[in-house]
1. Check VAL44: other-chain or 5+ apart residues with amide H under 5 Å from its amide H, H built from backbone geometry?
2. Compute log10 of I(q)/I(0) for the range 117-235 with the Debye formula, placing one identical point scatterer on every Cα and leaving out solvent, at q = 0.14, 0.15, 0.20, 0.22 Å⁻¹, to two decimals.
3. On a 1.4 Å probe surface of the protein chains, which of ASP174, ASP191, ASP102 comes out largest in accessible area, and what is the full order?
4. Placing one identical point scatterer on every Cα of the range 200-266 and ignoring solvent, what is log10 I(q)/I(0) from the Debye formula at q = 0.19, 0.26, 0.28 Å⁻¹?
5. Whole number please: convex hull volume per residue, Cα atoms of the range 17-125, in Å³.
6. Carbon and sulfur: what percent of the range 1-107's accessible surface (1.4 Å probe)?
7. Express the Stokes-Einstein translational diffusion coefficient of the chain in µm² s⁻¹, to the nearest whole number, given a Kirkwood radius over alpha-carbon pairs, 37 °C and a viscosity of 0.692 mPa s.
8. Mind grabbing the accessible area of TRP256 for me, 1.4 Å probe, Å², rounded to tens?
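The values are calculated or read from the model by the stated rules, or taken from the named source; none is laboratory data. As the structure is a computational prediction, the values presented were derived from the model and not from experiment. Ligands, DNA and RNA are stripped out before the accessible areas are found, and what is left, the full protein with its side chains, is counted by its heavy atoms. Shrake-Rupley method; radii C 1.70, N 1.55, O 1.52, S 1.80 Å.
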Amino acid sequence: MTDIASQNHMGKRPGRVVVVTAGGENPWIMINALSASFADVTVVEEQPESKGLFLRRRARRLGWPTALGQLATMVASRFGKRFTRRRAAEILATYKVSGTPDPAIPVKPVVSINDAEAIAHMRALKPDVVFLISCRMLKAETLAAMPCTVINFHAGINPAYRGLMGGYWALVNDDAENFGATVHLVDAGVDTGGVLYQSRPKPAATDSMHTYPLLQTAASTDIAIAAVADALDGKLKPVDVAGPSRQWYHPPIWTWVSNGILRGIW
């Protein structure tokens, strides 16, 4: 069966989309959505970065007290997710998405997308579009080796909320209108590539750091599909977004607890 015939039969358009991720429920929401729209989706799944490596890198940048405080918040976030499954189920139902891995979608495990073996595998796949979600930052040489356009999903509104926990920081900054997500081109910076699309869902009172990223992802499958389709059609149109640009990190545990108790922003 030809690609065109397959597209007509399955209601999907042709084009090889390779998704790079470290795995997890949120990335699989996006992977499943892309697979529902495009006929050829493959996942390259890297091993998550060790907490020790994360801690040493963050300590070099921000100091050990802040790095340890941020690690404590990450642990609390992971632990707290078990208590927010009802809200998570509401989000999944509202946006009609699933974070359950689809066994029909091929997955290639790699250690790191920046390893020579992973780069060689990516090139052998001959993707038409590479889509990043929840993976390591591509080194300059890795990005240069990609044979096609590289797009990233970021759970934050760029350029004001680059980096991590963009939704949380928007609320902390009394900037709820910029709670959302961005699909953008990838360059050598941290979420600094050209903005393609943005979404701005409204968090519920029951949302927290445990569910913000899930909401941002579930509400953004349409903009991811649009960006990939634009890339396949050669019609990418980055837009200029005015405003300040700042990179954010996880809040240290004392900041998170303080904002939760005093302002109800968890």
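1. Amide H neighbours of VAL44: VAL19, VAL20, THR21, LYS108.
2. -0.59, -0.67, -1.05, -1.20
3. Numbers: ASP174 125, ASP191 25, ASP102 55 Å².
I get ASP174, ASP102, ASP191, largest accessible area first.
4. The Cα Debye sum returns log10 ratios of -0.97, -1.15, -1.18.
5. Here the figure is 127 Å³ per residue.
6. Working: 3330 of 6010 Å².
Carbon and sulfur atoms account for 55 percent of the accessible area of the range 1-107.
7. On the way: Rh = 19.1 Å.
The estimated diffusion coefficient comes to 171 µm²/s.
8. Roll a 1.4 Å probe over it and TRP256 shows about 20 Å².
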